[in-house]
Amino acid sequence: MKTRDILRTAVSNTFRSKARTTLTILAIFIGAFTISLTSALGAGINRYIDDTVSALGVSNVMTVTKLADGEKATAGPNADTGPREYNPDAVATTDGAPDSVAAIMGGTAVVMTNDDIAALKEIDDIEKVEPAKNISVDFVRVDDGDRFEASVGSFIPGQTLQLEAGKEPDNDASENQIAIPADYVEPLGFSDADDAVGSQLSITLTDADDDAHTVTAKIAGVSESTIGGPGGSALTPNTALTDALFEAQSTGLKDEDRDRWASASVWFDEGLTADQVADLQAELADEGFNAVTVEDQLGMFTSVIDTIVLVLNGFAAIALVAASFGIVNTLLMSVQERTREIGLMKAVGMGSGRIFALFSAEATFIGLLGSLVGVVGAVLAGTVVSGTLAETLLADLSGLSLFAFTPGNVVLVIGGIMLIAFLAGTLPAARAAGKDPVDALRYE
């Protein structure tokens, strides 16, 4: 019997016991469906994170804070994730910073001075250093409308702001410009994002003497909600507005207190590899600074998603193990029912190897059917769910496709399940191949 004949016979024999085979395929379907969905979930979210990093436009920027004496960095190759000792000289870093940055930095940082800024500029591979002007806003409003709390984010030159309407605030303009988050459009009284563009936003904050100051700015654009980078849930001012707000906030401060910074943006050589960036972070840590890259900020999301996917894949693996026992049971019963047929095949000269291949091919074909049905079902379900969520719960996260099915992952799932099915079928196949033809022909 040729290989082609073995495959044809295996396929035709698969459904000789339709109920048993169907139940086995159903068990494989559950495992294939689950593992396909969970793998696509991890791929979809990680792809969105990678796209977010790329969309920021600037990958060679670190947010740097000063470490207290004896304190270890919380990012980079020598990161310390343990509890941090209380430092009364620390200042909050959360104002205007994404939550991911605050979490990595620990929420506080030692005040940086102009001497620290100068020291950073002397480190090799660092091209530019700019102290971050942290601004604490009391509230924002349009005309005499309702007042809303708000945070002010930082907009590093060169970054790309993901917009729903309008354009990015122009850092070279002398006019005060700002981008507001999409969540603020309706509360501020605008009908939609386009309606907000061009309007004036009033920003009120308090200075060192506890006096209120109001600064107005033109709304240049409306930013989309993202999991990192500028925009998101924070106001994004241009340089002129940042300077105006900082100057108003600093009113009443002594000169020596003005040049105090919670953090600084540090540009490094774009040509550095990931290992070289890690070495630079380690060098900064040795000099008493904590440096966080964009990848560090979003890396925690990737780690969490990968862990969740791993756990869910574990449940899928349990389903596949159960399915493999189903394959063993199905084929053992098939061998038992076809004992005289096996004896006849051996009597006419069919070798043990061919019989082993025949039953192994049946097992593999069952695995192929189950995995195909599972993968197709997962693709259909994932596509529907992704489309529905993109228009409802995840509408604010533009560009997020929750489930991403790639040809590589699909082939890997199908191939892996076929391999499991083949291994599960080796025991029944070996038993069939080892039968004595005389005894098999006498079997009743």
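The values are calculated or read from the model by the stated rules, or taken from the named source; none is laboratory data. Keep in mind it's a predicted model, so treat the numbers as computed, not measured. Note that each Cβ is placed from the backbone with ideal geometry, even for glycine, and that neighbours are counted across all protein chains shown. Note: areas computed on protein heavy atoms with side chains; ligands, DNA, RNA excluded. Shrake-Rupley method; radii C 1.70, N 1.55, O 1.52, S 1.80 Å.
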Practice task
Being under 28 Å from I49 (Cα atoms) and either at pLDDT 90 or above or surrounded by fewer than 20 Cβ atoms within 10 Å (Cβ to Cβ) (or both) narrows it down to one of A173, A179, A217, so name that one.
Solution key: A179
Completion exercise
Within the stretch 295-312, residues open to solvent by 60 Å² or more (accessible area, probe 1.4 Å) and either assigned to a loop (DSSP other than H, G, I, E, B) or within 15 Å of I49 (Cα to Cα) (or both) come out as E295, M300, F301, S303, V304, D306
Exercise for the section: Would you mention how many residues in the stretch 222-241 are modelled with pLDDT of 85 or more, surrounded by fewer than 22 Cβ atoms within 10 Å (Cβ to Cβ) and in contact with a strand residue (DSSP E or B) (Cβ under 9 Å, 6 or more places away or on another chain)? Expected result: 1
Exercise for the section: Tell me, yes or no, whether the stretch 332-342 has at least one residue that is of a type in the set (S, T, N, Q), open to solvent by 30 Å² or more (accessible area, probe 1.4 Å), assigned to a helix (DSSP H, G or I) and modelled with pLDDT under 85. Expected result: yes
Practice task
Consider G374 carefully, then state whether it is modelled with pLDDT of 90 or more, more than 19 Å from I318 (Cα to Cα), touching a helix residue (DSSP H, G or I) at 6+ places or on another chain (Cβ under 8 Å) and open to solvent by less than 40 Å² (accessible area, probe 1.4 Å).
Solution key: no
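Here is a yes/no grid of residues against (1) open to solvent by less than 50 Å² (accessible area, probe 1.4 Å); (2) modelled with pLDDT of 85 or more; (3) of a type outside the set (D, E); (4) in a helix (DSSP H, G or I):
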site: A378; (1), (2), (3), (4): yes, yes, yes, yes
site: A395; (1), (2), (3), (4): no, no, yes, no
site: V410; (1), (2), (3), (4): yes, yes, yes, yes
site: V413; (1), (2), (3), (4): yes, yes, yes, yes
site: F422; (1), (2), (3), (4): no, yes, yes, yes
site: T426; (1), (2), (3), (4): yes, yes, yes, yes
site: A440; (1), (2), (3), (4): yes, no, yes, yes
Practice task
Kindly indicate the residue of the stretch 127-161 that is open to solvent by 20 Å² or more (accessible area, probe 1.4 Å) and touching a helix residue (DSSP H, G or I) at 6+ places or on another chain (Cβ under 6 Å) and also modelled with the lowest pLDDT among those meeting that condition.
Solution key: T160
Practice task
Would you be able to tell me the number of residues in the stretch 274-294 that are out of contact with any Asp or Glu (no Cβ under 6 Å at 6 or more places or on another chain) and open to solvent by less than 70 Å² (accessible area, probe 1.4 Å)?
Solution key: 13
Handout entry: Filtered residue count, the stretch 377-433, keeping only those that are hydroxyl-bearing (S, T, Y) and touching a Gly at 6+ places or on another chain (Cβ under 6 Å)
Key = 1
Practice task
Would you please name the residue that is nearest to I355 (Cα to Cα), looking only at residues in the stretch 1-38 that are at pLDDT 90 or above and aromatic (F, W, Y)?
Solution key: F29
Completion exercise
In the stretch 182-194, anything over 29 Å from the mean Cα position of the chain (by Cα), on the phi < 0 side of the Ramachandran plot and open to solvent by less than 70 Å² (accessible area, probe 1.4 Å) is listed as P187, L188, F190
